[in-house]
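Take a look at the structure set out below.
Please treat every number below as a calculation from the coordinates, not as lab data. In this text, all values refer to a predicted model and were calculated from it rather than measured experimentally. All Cβ positions, glycine included, derive from the backbone under ideal geometry; neighbour counts span all protein chains shown.
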Protein chains: 2
Amino acid sequence: MLLVADNLQITNPLIDAALRDLNPDPIHEMVKKCVEAGADAIDINSGPLFREPEKKMKFLTETVQEITELPLLLDTTNPAALEAGLSISRNRTIINGFSLEAVKLEKILPLAKKYDCEIIGYLLYPNSHVPQNESERLNIALEVYGEFQKTGLDNEKLIIDPVIAPVIWENGNIQDTEILSVLRNLPDLLGFSVKTIAGISNLTSGRGPGERKLLLERCYLPMLAAAGLHMALLNVFHTESMQTAKACNALVNPKIFTWEWE
Amino acid sequence: MLLVADNLQITNPLIDAALRDLNPDPIHEMVKKCVEAGADAIDINSGPLFREPEKKMKFLTETVQEITELPLLLDTTNPAALEAGLSISRNRTIINGFSLEAVKLEKILPLAKKYDCEIIGYLLYPNSHVPQNESERLNIALEVYGEFQKTGLDNEKLIIDPVIAPVIWENGNIQDTEILSVLRNLPDLLGFSVKTIAGISNLTSGRGPGERKLLLERCYLPMLAAAGLHMALLNVFHTESMQTAKACNALVNPKIFTWEWE
């Protein structure tokens, strides 16, 4: 399970200001801290970038690449920003992401083909509603894969996100238990060992006590790891969650176990 | 997932001395601490009790019952001791346990029928060797269930223990990942929702750094909970493991989620 930092977010005022002023320093510092925390990849969550999308995303992508050769996830709904980032990225780059929403199929998915890169497909309805059970998620996975196949890209370029439900939703914890089954069943359903990713912060979004949120995160990560999740998108400054995830990797990987994991 | 205290062990010198002197105080104190720590049941691990088995097990069982009405697991290979405990137990009582070993089938399993109580069946070969993969474990489960059925007891009286492998065994972590699949597949294999139990301390037995052992325990508990494990036998004084297990219960149970779990 690769650990993708979700820390580089436009919702962080420091990052927002750095982007506004095209000041690389706070971004360098943030990325360095993510690398030190053990991140395996960096999600660049720029938001929609209504103003100067190309310039802003090029700045973000280049600034991150100055610090690290880790894989990048370009996390924006703005196709112009996305293409600008893709045009200058040297690191392994993943588009985050598309869904069955018409504008995503028309404007985002083709960029994966044009730049021959990986892309995350969300298990969401075309209106962005979240499916309510395993059966709905698996049906949507077939549709997402169908749309992906039309690009002609190799299967290994697809990464599916089953979309974790907040536990405080009416049936959120039941959905999140079903997502474990979705992850186990996707390879058989699609006929290949499709890669998967999940955004951990979704689990505890909304109101709730901070310590219990972190505890719940540390409970769900091992469940996801055991279900075969390939990439977890999380706050890599949650030190205990990172320790848990790395211990999970030592436990569930088909290698000889050693206590000396990093 | 019920949390069964494995703390009341004859290998603890305080408990050994209390049993030798028939002194209830250290046992009372230990059981009180287990209850305070959140135990849902108490395993009475008396060892084989070569001397005065009936007297010793009656003393242990009665002493524990003076403190708590929680379910008891009578954990001994000595049939005389076991029957003495069963004869005076008032709490819900579980025999821990039998396997395909001839002496267990002849001397232990019939006591479950005689006292109409639950019994743990271990997925071990008749020579007590540990099976090496999922397929072997499932085959043994069929044999264990076959022997159990001969007693005529209701299916709900059977609790299967898949026997966690120490991770430091050559393929221990691979076996422990397969055990998750065993737990998920047992109900379909046996045709009813068979109860299951696992001894968590097995996971990290042998040499290894203490902090990482605890961390690994906190990783494996959620995996077991998500796989549907009914009872975890563990050291209930591992506070963080207990917190993790209780958070898992809040997450995977098919109830409306609340942050207010105990």
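One residue is enough: does region B:135-147 have a residue meeting the conditions in contact with a Lys or Arg (Cβ under 7 Å, 6 or more places away or on another chain), surrounded by 15 or more Cβ atoms within 10 Å (Cβ to Cβ) and not aromatic (F, W, Y)? No: region B:135-147 contains no residue that is in contact with a Lys or Arg (Cβ under 7 Å, 6 or more places away or on another chain), surrounded by 15 or more Cβ atoms within 10 Å (Cβ to Cβ) and not aromatic (F, W, Y). Each residue in region B:225-244 was checked for being facing chain A (nearest Cβ under 9 Å) and aliphatic (A, V, I, L, M), and 3 of them qualify. You will find that of B:G191, B:G206, B:G152, B:G199, the residue that is under 26 Å from B:N7 (Cα atoms), more than 9 Å from chain A (Cβ to nearest Cβ) and surrounded by fewer than 16 Cβ atoms within 10 Å (Cβ to Cβ) is B:G206 and no other.
Residues of region A:245-258 that are facing another protein chain (nearest Cβ under 7 Å) and surrounded by 15 or more Cβ atoms within 10 Å (Cβ to Cβ): A:A247, A:C248, A:L251, A:V252, A:F257. All conditions in (1) polar (S, T, N, Q); (2) part of a helix (DSSP H, G or I); (3) farther than 29 Å from B:L109 by Cβ hold for B:N185, with the sole exception of (3). Here A:R90 meets each of (1) surrounded by fewer than 14 Cβ atoms within 10 Å (Cβ to Cβ); (2) over 18 Å from the mean Cα position of the chain (by Cα); (3) free of Cβ contacts under 8 Å to residues at least 24 places away in the same chain with one exception, condition (3). Within region B:173-190, is there a residue that is under 21 Å from A:E240 (Cα atoms) and of a type in the set (G, A, S)? No, region B:173-190 contains no residue that is under 21 Å from A:E240 (Cα atoms) and of a type in the set (G, A, S). Of all positions in region B:131-142, none carries a residue that is assigned to a strand (DSSP E or B) and more than 14 Å from chain A (Cβ to nearest Cβ).
Please determine, by comparing only the residues of region A:219-262 that are in a loop (DSSP other than H, G, I, E, B) and in contact with a Ser or Thr (Cβ under 6 Å, 6 or more places away or on another chain), which one is nearest to B:L180 (Cα to Cα). Checking each candidate, the answer is A:L229.
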